[in-house]
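Values quoted throughout were computed directly from the atomic coordinates according to the rules given, and no laboratory measurement underlies them. Every value quoted in this text rests on a predicted model; they were computed, and no experiment measured them. Every residue, glycine as well, gets a Cβ built from its backbone with ideal geometry; the counts of neighbours run over all protein chains shown.
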C-alpha cells in the first residue's frame, strides 16, 4: 500500500477520534449533536490530512520536533 495513503488515513482517523472525544466532553449527550460534531470533524479532517501528507506537513513537524 502507498505510504502517503496510510499517512492520510492515519491523520484522518486521528482527527475524527480526537474530535469525537472533545465532542463527548463539551456537547450534551444528545446523539444528534454528537453526530453533527463527528460530521464537522470528518469534513475538517479531509483538508488537514491532505495538507499534512501531500504538502510536507510531516516533514515540517518532524524538523520542528527534532530541535
Using only alpha carbon pairs under 8 Å that are at least six residues apart, calculate the relative contact order of the chain and give it in whole percent.
41
Note to self, the chain gives a 222 nm [θ] from helices alone (DSSP H runs n ≥ 4, -39500 (n - 2.57) apiece, / all residues, nearest 500) of -29500 deg cm²/dmol
With the crude spin-label approximation of a point 7 Å out along Cα→Cβ, what separation in nm comes out for residue 43 versus residue 10?
2.8
May I ask you to sort 3, 20 by Cβ crowding, counting other Cβ atoms within 10 Å and putting the fewest first?
3, 20
To make sure I understand, if each residue's beta carbon is the centre and we count other beta carbons within 10 Å, what order do 53, 16, 22 fall in, fewest to most?
22, 16, 53
Can you give me the angle between helix 3-26 and the longest principal axis of the chain, using Cα atoms only, in degrees from 0 to 90, rounded to the nearest 10?
30
